[in-house]
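Undergrad: This is the structure, below, for whatever I ask next.
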There are 4 protein chains.
Amino acid sequence: MGNTFGKMFRVTTFGESHNLAIGVIVDGCPAGLRLCEADIQKELDRRKPAQSSITTQRKEKDRVRILSGVFNGVTLGTPISMIVYNEDVNSKPYEEIKFKPRPNHADLSYYLKFGIYDYRGGGRASGRETLARVAAGAIAKKLLKERFGTIIVGHTIKIGKISAKKVNFEEIVKNAERNPVRCADLESAKLMEEEILKVKREGDSIGGIVEIVAVNVPAGLGEPVFDKLDADIAKAMMSIGAVKGVEIGLGFEFSEKRGSEINDEFYIENNSIKTYTNNSGGILGGISNGMPIVVRIAVKPTPSIAKEQRTVDLLRGKNVKIKITGRHDPCIVPRIVPVAEAMLALVLADHARRSGLIKDKL
Amino acid sequence: MGNTFGKMFRVTTFGESHNLAIGVIVDGCPAGLRLCEADIQKELDRRKPAQSSITTQRKEKDRVRILSGVFNGVTLGTPISMIVYNEDVNSKPYEEIKFKPRPNHADLSYYLKFGIYDYRGGGRASGRETLARVAAGAIAKKLLKERFGTIIVGHTIKIGKISAKKVNFEEIVKNAERNPVRCADLESAKLMEEEILKVKREGDSIGGIVEIVAVNVPAGLGEPVFDKLDADIAKAMMSIGAVKGVEIGLGFEFSEKRGSEINDEFYIENNSIKTYTNNSGGILGGISNGMPIVVRIAVKPTPSIAKEQRTVDLLRGKNVKIKITGRHDPCIVPRIVPVAEAMLALVLADHARRSGLIKDKL
Amino acid sequence: MGNTFGKMFRVTTFGESHNLAIGVIVDGCPAGLRLCEADIQKELDRRKPAQSSITTQRKEKDRVRILSGVFNGVTLGTPISMIVYNEDVNSKPYEEIKFKPRPNHADLSYYLKFGIYDYRGGGRASGRETLARVAAGAIAKKLLKERFGTIIVGHTIKIGKISAKKVNFEEIVKNAERNPVRCADLESAKLMEEEILKVKREGDSIGGIVEIVAVNVPAGLGEPVFDKLDADIAKAMMSIGAVKGVEIGLGFEFSEKRGSEINDEFYIENNSIKTYTNNSGGILGGISNGMPIVVRIAVKPTPSIAKEQRTVDLLRGKNVKIKITGRHDPCIVPRIVPVAEAMLALVLADHARRSGLIKDKL
Amino acid sequence: MGNTFGKMFRVTTFGESHNLAIGVIVDGCPAGLRLCEADIQKELDRRKPAQSSITTQRKEKDRVRILSGVFNGVTLGTPISMIVYNEDVNSKPYEEIKFKPRPNHADLSYYLKFGIYDYRGGGRASGRETLARVAAGAIAKKLLKERFGTIIVGHTIKIGKISAKKVNFEEIVKNAERNPVRCADLESAKLMEEEILKVKREGDSIGGIVEIVAVNVPAGLGEPVFDKLDADIAKAMMSIGAVKGVEIGLGFEFSEKRGSEINDEFYIENNSIKTYTNNSGGILGGISNGMPIVVRIAVKPTPSIAKEQRTVDLLRGKNVKIKITGRHDPCIVPRIVPVAEAMLALVLADHARRSGLIKDKL
């Protein structure tokens, strides 16, 4: 269980890293949306590894195929299924560490839960699973853009101890995709890239922070009490493997503030209600208020490092040491950007359906 | 919608702050658990206001009544419904600000979504709703304790700029409830209390951070991909009104770390697998590994402050100013502690049912 | 679990027959619907026993109270909770048969599942639980009527071997509520009433068939594949305790027919597409087509009869005999009519929300 | 939406009849079940057309491929995805009737709901979708058999006016698969086959009734109130395209009976509680009692007949006539048998997980 996200715009993913395929079913996309494989591929290509020296050198083509739900280039309102066959799979490095769970990986907890796990490439817990999210998110993004003009962009704002300086939305849109780190502050981007290469040379890995912003989000998304928009966003983000923290608006900074400093006061402009500041990140009482939604997520360092580590041998029941080989990302932060965008799009599309703003047909 | 939490241990709450009652239905509690109103009341009393000078002086007795699901002091496996009638309700302060949404409150976004809102005491978005969560959480806590020996405790670790020093689990258990701030570092507790009283005198409010720890959590809770244990915890926490950030284990601190610094290495002790460190907060790949679960949440300052604020008049469509009167918490952090404990208990109980570790009957 | 119905117009019920109260939470009713307790009471009174000599003589006042979700006579979009306290409860007759499960009742299977059951008045499995459905259904009915002009009526078409003759929709509306059997063919109604009284005198019980018809149902309700409108109707109906069969349109009669006899051919009238016949009962491919929805349900005889019956003593583990005393309906069919109407209304309201035809606000 | 069935043993299907593929994801199958493609193929082959003269002569090979969730021949606890590519697809006959909805088919209601429909071979509403159910059901069947010894068999008991005589469980197991009609009464089987061939020659179609029986079902499956086992069975069955009626145990026959005639009395045998009769079909109060589960479903005649029929031209908005060509089943009843078995298996597996009788691992 646990492989479905959303209530009305529902996404179900499947596939292990070194099994035959990774795929996803999107159920609840309204009929009448123009959609083709290029719409999906474009986003998948942003997530693909081996695009620069700072990511893993695995060559995954990740060609997506739409198997159902689209007819004559238009969605039918039926499940859209998409599939990517696994290629360039090399399971050999995993044979040596079979039944020796890698620290900070899911190996051990899967074993404790299921009594079995696919040790090849992380199996179901592989970061490769996120391509299914990106494929589904591509549809949600397109739907939101066509229906509301919503634009969702993510960018890296921290790598290790290097923080990007604050930039405005236009700069994020313009600059984030122009460098391999996906940092909109181009000066910091350079430093971050160097830091990642240094960490890579040392056989280590490093964490960071990604910020995702959505503009032109309709007001009224989110439900009272448990299915608050920020609650669902928090779940969506924390469901990404390497993410260990989520904050909305000022987030943890709120803890140091006084009410008089951070309350977003209201005013009317062109018959619409706005706030002078946006400390609450576009969400009040769990419901969007029309201001930009701002989310930040903490990404932990990739667990697969070249250094020797202590672990246990599950079969023999004794302490052992392992060295992880294979091709791994020294820093997963830049590749998480499109995944986080996709997850935000999925939450927004789901709530747009739930509120009735998106119906059975466009 | 959105008023139900959980898939198998399901909690549905209802009630507005100044309407007749607040209540909750717990569906999915196994049969055979000894349960009485005192079990619930004990937790509700921890959340109750007016227990010290740093909380609101509203006198809410909050007597809970179990209406169903329990027979001869034992749960039946049928829905347990609990109700608390609203008393000491004073709606007068709200008449003046009717249709003038309070900054940082849910008023405006409810209005945008529903075209109507109960302006008295926050209506459905009132913090008072959390008593329903605490009542439900009391059952989940008891169930987890009886079935697995799980203990869940929360404590305040930051108020404004005052941070508590790190203490161990025993000290949290011993000290957190011994002071009104619920801070386990008793020295900082004193400073925090003074800070809150100062803020109160100035007609302002202040935020903080709460940490929640659960020990003796069975391994194997949580589902792959979307319903990861940490994802559901993130949702649960972020669904608490004032919470704007959630982190697991090292959380945002991960962003500055290298893999070699933070990977939790494994070893065997007494036939069970442990980690030397617990940076991942007891959860790997979204599944509990048996180590303590550690969560921290960022709490924003209470929006209701005495200072004059700018807002809009929804009926007349023009900019106005308001002053919020009434009795409000200058700092909601200490009262959020039992709520956050409750939410963590609900997530764990739900996943214990989903995994089959808890069945139809105890 | 299992006490919630619907995905977007969600109903959660609670309460055992002889515990403190029966109640229901309706989550997902849009904001802006005028609603008061009289709207609910009107429907509850139709279900109430002791209204004629053919039903149980228990005097249940069943006064409903709305505890939340309505403000100034208008729904808020938040959960509407309704409660009825249990009165005229006499648990004495059940003491004698404690741990001696009554044949055809839920006693034994609850015991097998939960290891415990509330033996007083059927506990959670009591027919009394249906008042919560009727209360929720009253809201759904009102919503559907105001939004689409939908009218839902039920009537008894068979009691034992007495079948009513076919009447048209107007006659059902006019006659069904004018006799205690709720049969729209007034001649058969008389015979049915006599049959029930005869069965009652003999300490026995009898079954029957109810038909429910909904007109002015918008086209497009229902989802492909599993959540077909007729599938959800079947579930809704079969979830009523005494119901053991459900059919749509011609139903079981289809089994004897040829395609050429029963295909509903299309034609255009006033720019809208209709069918010459309505053998499919208003649903094609699981989706409403705008024609009247026609459902029939088989109701088994009330299990509680005065005659001696064989059962087992659960504590002593041996075969015994019991005689059930207390006040029971000799025929539950007429009282099921408003319950079945309620369930159909719940299904339609849920699918109207799911399709986006009903939104967050009216 | 609507393409997912089950809460804990969850099945999501996708695919249109003439699009690229039909497939299914099974989420919630415990880890540790031995599973290979032959387990699935065996059941798919029972559903396949063109196996005798009484079914359509389309040659669908329907080779299934497992893409994920199985590793070294054992389930992982992760989603099992299965795919069948569409072959022998001939869309030409559908071009002529494009935008002229076929009576009794889903064409029109899909058009009304979505504003578009895939007119080729019924699109998503095609009977071909049921192969995904059979594939998923094959896993559920295997799981139930290994875990509880549950056996599920279906057989045809009526075609048109020809009713099979009642046979016992052993005869069903022995005879049902030995004739193309799947009727366990071999004499009636002959007559049914002749009837179907006659109907076929006349360019017409015919309906029937299927009975499904499950033995060795554990007691305690099903949830109180809405998610009763019979309610979920009713939904499961009615979600099969051609099914328009469902009954449990005596079903509609109950309507003519008295309580004293049909109450299933209890007795103890070998420390287990049984009933002398099984009129309630193994389910009491919505929960299985350990006796065989007995379900019957009414199947309508195939809508596609050779005779000319009246319909409308959606583009031109006028009444027209059509003749459906192509290869169609004159009677779908025999091919529904494996589908109905699959659906029953899915319901039982889901409830076994929900009750905790089946856990994360076998």
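Undergrad: Going through B:I332, B:I336, B:I297 one at a time, which residue ends up being β-branched (V, I, T), at the interface with another protein chain (Cβ under 10 Å from one of its Cβ atoms) and crowded, with 24+ Cβ neighbours inside 10 Å? Outline the logic, then answer.
TA: Details: B:I332 fails: at the interface with another protein chain (Cβ under 10 Å from one of its Cβ atoms); B:I336 fails: at the interface with another protein chain (Cβ under 10 Å from one of its Cβ atoms).
Going through B:I332, B:I336, B:I297 in turn, just one is β-branched (V, I, T), at the interface with another protein chain (Cβ under 10 Å from one of its Cβ atoms) and crowded, with 24+ Cβ neighbours inside 10 Å: B:I297.
Residues are listed down the side, and each one gets a yes or a no for (1) touching a residue at least 60 places away in the same chain (Cβ under 8 Å); (2) more than 9 Å from every other protein chain (Cβ to nearest Cβ):
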residue: D:T55; (1), (2): yes, yes
residue: D:L67; (1), (2): no, no
residue: D:I83; (1), (2): yes, no
residue: D:R120; (1), (2): yes, no
residue: D:A125; (1), (2): yes, no
residue: D:A138; (1), (2): yes, yes
residue: D:E146; (1), (2): yes, yes
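Undergrad: Filter region C:198-215 for residues that are more than 7 Å from chain D (Cβ to nearest Cβ) and in contact (Cβ under 8 Å) with a residue 12 or more places away in the chain and give the result. Break it down stepwise before answering.
TA: The initial filter retains those residues of region C:198-215 that are more than 7 Å from chain D (Cβ to nearest Cβ), namely C:198, C:200-203, C:210-215.
Across region C:198-215, the qualifying residues are C:K200, C:G203, C:V210, C:E211, C:I212, C:V213, C:A214, C:V215.
Undergrad: To continue, here is another question. Just give me the residues in region C:75-109 being within 26 Å of C:K321 (Cβ to Cβ) and among the polar types (S, T, N, Q), in sequence order.
TA: The first filter runs over region C:75-109 and keeps only residues within 26 Å of C:K321 (Cβ to Cβ), leaving C:90-109.
The answer is C:N90, C:S91, C:N104, C:S109.
Undergrad: Out of region A:143-157, which residues are under 19 Å from the mean Cα position of the chain (by Cα) and surrounded by fewer than 16 Cβ atoms within 10 Å (Cβ to Cβ)? Please lay out each step first, then the result.
TA: First pass over region A:143-157, keeping only residues under 19 Å from the mean Cα position of the chain (by Cα): A:143-145, A:150-157.
Listed by number, the list holds a single entry, A:K145.
Undergrad: For region D:250-292, give me each residue that is part of a helix (DSSP H, G or I) and under 20 Å from the mean Cα position of the chain (by Cα). Talk me through it step by step, then tell me what you get.
TA: Keep residues of region D:250-292 that are part of a helix (DSSP H, G or I), which gives D:251-256, D:259-262.
Passing the criteria: only D:G251.
Undergrad: Quick test for you: out of B:L284, B:L344, pick the one residue that is crowded, with 24+ Cβ neighbours inside 10 Å, at pLDDT 95 or above, in contact with a helix residue (DSSP H, G or I) (Cβ under 9 Å, 6 or more places away or on another chain) and facing another protein chain (nearest Cβ under 7 Å).
TA: Values: B:L344 fails: facing another protein chain (nearest Cβ under 7 Å).
Going through B:L284, B:L344 in turn, just one is crowded, with 24+ Cβ neighbours inside 10 Å, at pLDDT 95 or above, in contact with a helix residue (DSSP H, G or I) (Cβ under 9 Å, 6 or more places away or on another chain) and facing another protein chain (nearest Cβ under 7 Å): B:L284.
Undergrad: If C:N319 satisfies every condition in (1) assigned to a strand (DSSP E or B); (2) closer than 23 Å to C:I139 by Cα but one, which is the exception?
TA: The one condition C:N319 does not meet is (2).
Undergrad: Mind telling me which of the residues B:F114, B:F99 ends up being without any contact (Cβ under 8 Å) to a residue 12 or more places away in the chain, touching a strand residue (DSSP E or B) at 6+ places or on another chain (Cβ under 9 Å) and within 14 Å of another protein chain (Cβ to nearest Cβ)? I'd like the intermediate steps shown before the answer.
TA: Details: B:F99 fails: without any contact (Cβ under 8 Å) to a residue 12 or more places away in the chain.
The unique qualifying residue is B:F114.
Undergrad: Considering region C:228-244 alone, what residues qualify as being facing chain D (nearest Cβ under 7 Å) and in contact with a Lys or Arg (Cβ under 8 Å, 6 or more places away or on another chain)?
TA: Listed by number, the residues that qualify are C:D230, C:A231, C:D232, C:A234, C:K235, C:M238, C:S239, C:K244.
Undergrad: Exactly one condition in (1) small (G, A, S); (2) surrounded by 24 or more Cβ atoms within 10 Å (Cβ to Cβ); (3) at the interface with chain B (Cβ under 7 Å from one of its Cβ atoms) is false for A:G160; which is it?
TA: A:G160 satisfies every listed condition except (2).
Undergrad: Looking only at region D:57-75, count how many residues are at pLDDT below 95 and either surrounded by 20 or more Cβ atoms within 10 Å (Cβ to Cβ) or acidic (D, E) (or both).
TA: 2
Undergrad: Would you tally the residues in region A:11-23 being surrounded by fewer than 24 Cβ atoms within 10 Å (Cβ to Cβ) and at the interface with chain D (Cβ under 7 Å from one of its Cβ atoms)?
TA: Pass one, region A:11-23, residues surrounded by fewer than 24 Cβ atoms within 10 Å (Cβ to Cβ): A:17-18, A:20-21.
Okay, now just the ones that are also at the interface with chain D (Cβ under 7 Å from one of its Cβ atoms), so A:20-21.
Here the count works out to 2.
Undergrad: Now a separate question. State whether one or more residues within region A:116-124 are within 30 Å of B:Y276 (Cβ to Cβ), surrounded by 24 or more Cβ atoms within 10 Å (Cβ to Cβ) and among the hydrophobic types (A, V, I, L, M, F, W, C).
TA: Within region A:116-124, none of the residues are within 30 Å of B:Y276 (Cβ to Cβ), surrounded by 24 or more Cβ atoms within 10 Å (Cβ to Cβ) and among the hydrophobic types (A, V, I, L, M, F, W, C).
Undergrad: Residue by residue through region D:253-263, note down the ones that are within 26 Å of C:I293 (Cβ to Cβ) and either more than 7 Å from every other protein chain (Cβ to nearest Cβ) or surrounded by fewer than 24 Cβ atoms within 10 Å (Cβ to Cβ) (or both). Working first, answer last.
TA: Taking region D:253-263 as the starting set, the residues that turn out to be within 26 Å of C:I293 (Cβ to Cβ) are D:253-256.
Within region D:253-263, D:E253, D:E256 qualify.
Undergrad: Taking the condition of being under 30 Å from C:D350 (Cα atoms) and either in contact with a His (Cβ under 9 Å, 6 or more places away or on another chain) or among the polar types (S, T, N, Q) (or both), how many residues in region C:182-219 meet it?
TA: Of the residues in that region, 8 qualify.
Undergrad: Continuing with the same structure: Would you confirm, using the coordinates I've provided, whether A:V312 is within 25 Å of B:D230 (Cα to Cα), β-branched (V, I, T) and either touching a Cys at 6+ places or on another chain (Cβ under 8 Å) or more than 7 Å from every other protein chain (Cβ to nearest Cβ) (or both)? Full working, then the answer.
TA: Values: within 25 Å of B:D230 (Cα to Cα): yes; β-branched (V, I, T): yes; either touching a Cys at 6+ places or on another chain (Cβ under 8 Å) or more than 7 Å from every other protein chain (Cβ to nearest Cβ) (or both): no.
Considered against the rule, which asks whether it is within 25 Å of B:D230 (Cα to Cα), β-branched (V, I, T) and either touching a Cys at 6+ places or on another chain (Cβ under 8 Å) or more than 7 Å from every other protein chain (Cβ to nearest Cβ) (or both), A:V312 comes out as no.
Undergrad: Follow-up. Looking at (1) modelled with pLDDT of 95 or more; (2) touching a strand residue (DSSP E or B) at 6+ places or on another chain (Cβ under 8 Å); (3) assigned to a loop (DSSP other than H, G, I, E, B); (4) aliphatic (A, V, I, L, M), can you tell me which one B:I324 breaks?
TA: (1)
Undergrad: So A:K318 passes all but one of these: (1) within 30 Å of B:G160 (Cβ to Cβ); (2) free of Cβ contacts under 8 Å to residues at least 12 places away in the same chain; (3) more than 14 Å from the chain's Cα centre (by Cα). Which condition number does it fail?
TA: Only one criterion is unmet by A:K318, namely (1).
Undergrad: Right, another one. Out of region C:287-311, which residues are aliphatic (A, V, I, L, M) and modelled with pLDDT of 95 or more? Don't jump to the end; show me each part of the working.
TA: Here is the first cut: in region C:287-311, the residues aliphatic (A, V, I, L, M) are C:287, C:291, C:293-295, C:297-299, C:305-306.
Matches in region C:287-311: C:I287, C:M291, C:I293, C:V294, C:V295, C:I297, C:A298, C:V299.
Undergrad: Still on this structure: Conditions first: (1) more than 7 Å from every other protein chain (Cβ to nearest Cβ); (2) within 23 Å of B:G282 (Cβ to Cβ). A:P218 passes all but one, so which condition is the exception?
TA: Looking at each condition in turn, A:P218 falls short on (2).
Undergrad: Listed residues C:G222, C:G208; which is buried (at least 24 other Cβ atoms within 10 Å of the Cβ), closer than 23 Å to C:G290 by Cβ and not acidic (D, E)? Don't jump to the end; show me each part of the working.
TA: On the way: C:G208 fails: closer than 23 Å to C:G290 by Cβ.
From the options C:G222, C:G208, the qualifying one is C:G222.
Undergrad: Over 30 Å from B:T4 (Cα atoms), under 18 Å from the mean Cα position of the chain (by Cα), more than 13 Å from chain B (Cβ to nearest Cβ) and basic (K, R): which single residue out of A:K48, A:K61 fits that description?
TA: Only one candidate passes the filter, namely A:K48.
Undergrad: Follow-up. Condition (residue is in contact with a helix residue (DSSP H, G or I) (Cβ under 9 Å, 6 or more places away or on another chain) and at pLDDT 95 or above) applied to region D:89-98: is it met by at least one residue?
TA: no
The values are calculated or read from the model by the stated rules, or taken from the named source; none is laboratory data. Note that this is a predicted model, so its numbers are computed, not measured. A quick note on method: Cβ atoms are made from the backbone with ideal geometry, for glycine too, and the neighbour counts reach across all protein chains shown.
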